[in-house]
Every structure is written in structure tokens, then in C-alpha cells.
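One structure below.
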Amino acid sequence: MPRWRDGAEHAELDRMAELAGEASADAAVAAAADLEAALAVPPDLTAAAFFDVDNTMMMGASIFHFARGLASRKYFTTADLASFAWRQLRFRLGGKENPDSVRASREQALGFVAGRSVQELVDLGEEIYDELMAAKIWSGTRALAQMHQDAGQRVWLVTATPVELASIIARRLGLTGALGTVAESRDGVYTGRLVGDLLHGKAKAHAVRALAAREGLDLRRCTAYSDSINDVPMLSTAGTAVAVNPDPALRELARRRGWEIRDFRTGRKAARIGVPTVLGAGALAGAVAAGIAYRRRSS
């Protein structure tokens with residue numbers, strides 16, 4: 001590939017990441033407005049905490065649990081779900097993320113939600129949270145979030161999971177709100193397009209900075225938590241970074257940089273949730289991408 005074309009592609013990816021971050025911040029501020037109005041004004045207005053969700057706040061991948069709930073409702077088969085999870089496991093064990101694979105999963109997933117109402121997926125998310133997610137919250141990480149709340153700080157989730165699902169998780173945990181991937185909708189119906197790109201990697205950092213600008217936060221006084229090396233851009237935006245249940249690469253980096261490490265897993269638990277946690281970045285409803293195959297076979 002010519003260097004100019006490679007450079008143009010990287011510039012476009014950066015532009016889409018920034019757009020995703022801005023859209024996520026706008027959605028988060030709007031969703032949190034009602035909650036903020038109902039609560040006493042936090043006494044510490046310039047500090048906040050940002051938590052990744054998958055394997056940081058929750059055991060496994062939230063979108064995987066959501067997909068399991070959809071499979072149980074016959075949106076697609078459990079065999080499709082298992083096949084997708086196995087492909088992701090082989091891929092993550094094999095090395096770097098493949099942009100083409102991530103793009104394909106994203107497009108398939110967006111095809112799945114296109115034409116469906118936002119309210120339908122929100123209602124499903126509420127049900128599936130109770131069924132499959134509530135018991136997956138790490139008590140240690142929840143305690144860390146409560147520590148910030150007790151100090152009068154706002155607490156936000158930051159995740160590649162769709163913002164509607166992320167907001168449900170945040171609300172159920174009593175947190176301020178969530179930054180998540182924003183899927184475009186018109187008149188309450190998904191168009192099948194994203195606003196920008198997945199909220200992953202650099203996009204998370206853009207979202208945190210955009211939210212800080214809107215909310216008047218001093219990022220030097222903020223704290224960020226994650227389990228993944230992919231979230232180093234987000235972790236690096238905050239004055240304090242904490243590696244929670246870190247993958248090997250993040251654990252090594254955290255040690256080099258002197259970041260605090262918190263690990264709430266046991267070997268047994270880590271083994272049990274291994275497959276769901278590999279669904280990281282390309283998983284914006286990536287786990288529901290297999291639903292396309294089911295719909296095609298049944299149509």
C-alpha cells in the first residue's frame with residue numbers, strides 16, 4: 001500500500017474515533033442530566049472516575065451476555081453464538097486485531113439492528129441485565145466506584161458496548177452515566193450506521209476528554225480503570241490509572257509505569273470466564289453478528 005494511502009487511512013480512523021468520542025460524550029451528558037437533577041450536586045465537581053466495563057466492572061463481556069439473552073429469545077441460535085465466541089478466541093490467541101475482521105463484525109452487527117426500534121433493544125437490555133448481568137458485577141470494582149461516589153465524585157462507565165446497554169448498567173449500579181458506542185437512529189429506529197466508529201482504543205480517550213470539557217472536569221484529578229492494554233489511551237488521559245483484573249500486557253505496562261494493580265479474580269474464576277472476555281474490541285454487538293446467519297437461514 002502506498003504510504004500516502006496508509007497515512008490517509010490512519011487519518012480517517014482517527015477522525016472516526018474522535019467523532020465517536022464526541023457523540024458518546026453528547027449522549028452521556030444528555031442521559032445523565034435527569035439523574036443529576038434528582039441528586040444533590042456533588043461537592044467535588046472537578047474530579048471523576050472512569051471505569052471500563054468488560055472484565056473490569058463485570059465478569060466477561062457485557063455484549064456477550066446480551067447476546068446470550070437474545071439467543072434464549074430465539075433471535076439466533078446458541079450454536080451461532082458459540083461459533084462466534086470460538087472464532088474470537090482463536091483470533092485473540094493468534095495475535096493482533098485484524099481491522100478487516102473487526103469491520104466485518106461491525107457491519108454484520110449493524111445489519112442486525114437496522115430497522116429495529118431503540119426501545120425494543122432497551123427493553124431487552126433491561127430484562128437481560130436482570131437475568132445474566134447483575135450477578136456478574138465484580139464486588140471489588142463496585143466498591144472502588146462507591147469510594148469515588150462517597151468522595152462526592154461522579155462515576156462514568158466507558159465501553160465499546162452500545163450506549164443504550166451501557167446506560168442501563170450504569171443506572172442499575174447507581175452511577176452517573178455511561179460513555180458507549182453510539183448507533184445512529186432516526187425516529188426511534190436504528191439506521192444500521194454508527195456515529196463515528198466503535199468506542200474503542202483512541203475513541204475512548206476522545207470520549208473522556210470530550211466529557212471532561214463539557215462537565216468542567218480536571219483530568220489530572222480523575223481516575224481511570226481498565227483491564228485491557230487496548231485502553232491505555234483512556235488510562236493515560238487521567239491523572240491516576242488503575243489496572244483492574246489486567247491482561248498480561250497491561251499488567252506489565254502498569255508495573256513499568258507504577259500504576260496501581262487490583263485483581264479480584266481467582267484462577268478458577270479467570271478460567272471460567274475466559275471465552276466471554278476475549279470478545280473485546282470488535283464486539284459492538286459483535287456477538288450478535290451471528291444472528292445474521294440465523295435470520296438468513298430462517299427467512
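Here are a few things to note about the model shown:
- In plain terms, the bigger the Kirkwood radius, the slower the diffusion; for region 114-162, with that radius from Cα pairs, at 4 °C and 1.567 mPa s, Stokes-Einstein puts D at 98 µm²/s.
- Taking other Cβ atoms within 10 Å as a rough exposure proxy, Met57, Met147, Met133, Met16 sort from fewest to most as Met147, Met16, Met133, Met57.
- Rounded to the nearest 0.05, the FRET efficiency derived from the C-beta distance between Gln119 and Ser72 at R0 = 30 Å is 0.90.
- A crude spin-label estimate for the pair Arg193 and Arg256, with each label 7 Å from Cα along the Cβ direction, gives 4.0 nm.
- On the beta carbon distance between Asp263 and Asp218, with R0 = 25 Å, the FRET formula returns roughly 0.30.
- Using a Förster distance of 41 Å, the FRET efficiency for Arg15-Arg172 (Cβ separation, nearest 0.05): 0.75
- Cut-off under 5 Å, modelled amide H: who pairs with Ser185 long-range: Thr191
- Cβ-to-Cβ counts within 10 Å put Val155, Val122 in ascending order as Val122, Val155, the fewest first.
- Listed from fewest to most Cβ neighbours within 10 Å, the set Ile168, Ile261 follows the order Ile261, Ile168.
Just so you know, all these numbers are worked out from the coordinates, no wet-lab data involved. From a predicted model like this one, the values you see are computed outputs, not experimental measurements. A quick note on method: Cβ atoms are made from the backbone with ideal geometry, for glycine too, and the neighbour counts reach across all protein chains shown.
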